[in-house]
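Some notes on the structure that comes next.
The values are calculated or read from the model by the stated rules, or taken from the named source; none is laboratory data. Not measured: the values here are computed from a predicted model. Reconstructed Cβ throughout: ideal geometry from the backbone, glycine too, with neighbour counts over all protein chains shown. In case anyone asks, the SASA skips ligands and DNA or RNA and just uses the protein heavy atoms, side chains included. Shrake-Rupley method; radii C 1.70, N 1.55, O 1.52, S 1.80 Å.
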Amino acid sequence: MSADGSFAVRGLGLRLAGVAGPDDLLDQVTGRVAVPAADRRFVAPDTDLAPLDRRVHGPVEVRLPDRLPTRGLRGWPHESLLALAAAAQATPDRHTGPDPAAVLWASSTAGLAEYAAICTDAALLEPGLSSPLVAPASAHNGPASTVSVRLGRTGPVETLLGGPTAGLSALVEAVRLLAAGEAPRALVGASASLSRWSLAGATGDHVPAEGAVCLAVEPADAPDASDGSAVVLRGARRVGLDPDRLGGRLRDLVDAAGPVDAVVLSTPDPAVVDALAGRPVWHVERRLGDLGAAGGLLAVVCAVARCRVADRPANLLALAVEPTGNASIVEVSSSCQQISSSDW
């Protein structure tokens with residue numbers, strides 16, 4: 001870890017609706033370009049769950065890199081494949097072989113549709129007729145394990161579940177592992193998928209979305225760093241805010257970070273957004289859709305995308321907040337050195 005406790009972003013992977021690269025993402029989160037949305041019908045075959053028509057951001061094409069072997073991936077869960085594609089894109093070329101990197105992944109939908117399929121099969125099929133391949137695919141850790149096994153990452157593997165703070169907490173956990181020397185670097189990702197099951201009981205004003213994002217992170221002074229990366233992360237942490245005084249505590253938290261170009265905020269609660277009125281705020285769920293646990297990490301990715309093209313030193317705050325007062329935060333900064341599109 002560097003003397004100032006900073007960690008460098010070495011790669012970025014994106015699989016999101018209407019996003020071909022970081023420039024598109026930045027246009028969307030700042031409101032310059034609208035995210036494409038479409039009406040889709042979601043069904044749950046062989047159940048009494050009624051079809052549901054929802055406007056969503058997705059589906060998102062997987063687009064696995066050509067260098068990845070696809071043997072054994074036929075029929076694999078869509079979310080796990082999105083995660084693999086984003087992680088492969090984020091992986092620097094010098095780390096494409098077996099590597100002791102850690103994998104930290106967040107999701108609130110992984111394995112959900114597959115678990116529902118198991119329950120349906122158990123109710124309708126004779127014993128022994130359910131596919132044995134469905135059971136492992138129904139686990140929450142599907143994206144993380146797929147990334148670890150397929151990319152040859154041999155370090156710690158962790159899956160975080162929950163609301164939008166889970167995505168940013170995956171980064172906090174990665175920083176802890178790197179600082180403790182438990183891994184030399186980490187792939188930190190988050191994903192979401194859309195199904196009739198993920199939309200069951202869904203409420204809120206934000207459009208549901210699917211996709212995956214991933215960051216390759218390592219200590220800023222890593223000996224094999226090739227360019228001294230122009231994007232660094234500092235102060236990644238989880239905090240607990242008093243839910244009865246959430247607005248005031250949130251403003252204090254943001255003010256304590258000092259001047260920032262923008263706060264990139266992930267929260268399902270409009271009141272949290274209102275609490276930061278008067279500050280430059282990019283609200284992930286409003287602009288990009290609701291990706292559940294992936295929202296917090298997507299906020300970091302949006303800040304990284306801004307720093308990537310900065311023509312002057314940039315400083316942004318990525319923040320995920322839940323109505324309970326749980327919050328995760330990280331400062332994302334850059335020098336004036338731009339990163340060429342060929343690097344990411």
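Out of the total accessible area of the chain (probe 1.4 Å, heavy atoms of protein only), what percent is carbon and sulfur?
Numbers: 7590 of 14620 Å².
Answer for the chain is 52 percent, counting heavy atoms of protein chains only.
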Handout entry: Extended-chain gain in nm, criterion 0.36 nm per residue less alpha-carbon gap, residue 274 and residue 41
Key = 80.6 nm
Practice task
Calculate how steeply helix 112-124 sits against the longest principal axis of the alpha-carbon atoms of the chain, using the helix alpha-carbon long axis, and give the answer as 0 to 90 degrees to the nearest 10.
Solution key: 10
Handout entry: Nearest 10 degrees, 0 to 90: helix 142-151 Cα axis against the chain principal axis
Key = 70
Handout entry: C-alpha long axis of helix 165-179 to longest principal axis of the chain, angle in °
Key = 60
Problem - Segment residue 93-residue 161, extension gain: residue separation times 0.36 nm, minus the distance between their alpha carbons - result: 21.5 nm
Practice task
With springs connecting C-alpha atoms under 10 Å apart, model the chain as a Gaussian network and identify which of 117, 101, 294 has the largest mean-square fluctuation.
Solution key: 117
Exercise for the section: Output ³J(HN,Hα) for the range 267-276: one whole-Hz value per residue in order, computed from phi by the Karplus curve 6.51 cos²θ - 1.76 cosθ + 1.60 with θ = phi - 60°, and x for Gly and Pro. Expected result: 6, x, 9, x, 5, 5, 5, 4, 5, 9
Handout entry: Accessible solvent surface per residue of the chain, calculated while the other protein chains remain in place, 1.4 angstrom probe, Å²
Key = 42
Problem - trypsin sites (Lys or Arg not before Pro) restricted to the range 14-45 and DSSP loop, no more than 10 other C-beta within 10 Å - result: 32
Practice task
For every other residue with a beta carbon closer than 13 angstrom to the beta carbon of residue 169, add +1 if it is Lys or Arg and -1 if Asp or Glu, then tell me the sum.
Solution key: 0
Exercise for the section: Match the structure shown to one of the listed values (i) 60, 47, 44; (ii) 62, 46, 34; (iii) 80, 52, 31 of Cα extents along the principal axes in Å, computed from it, and give that label. Expected result: (ii)
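Order of 147-160, 68-81 by packing, highest average Cβ count within 10 Å first? Walk me through the numbers on the way to the answer.
Numbers: 147-160: 19.7, 68-81: 15.9.
Averaged packing, sorted descending, gives the order 147-160, 68-81.
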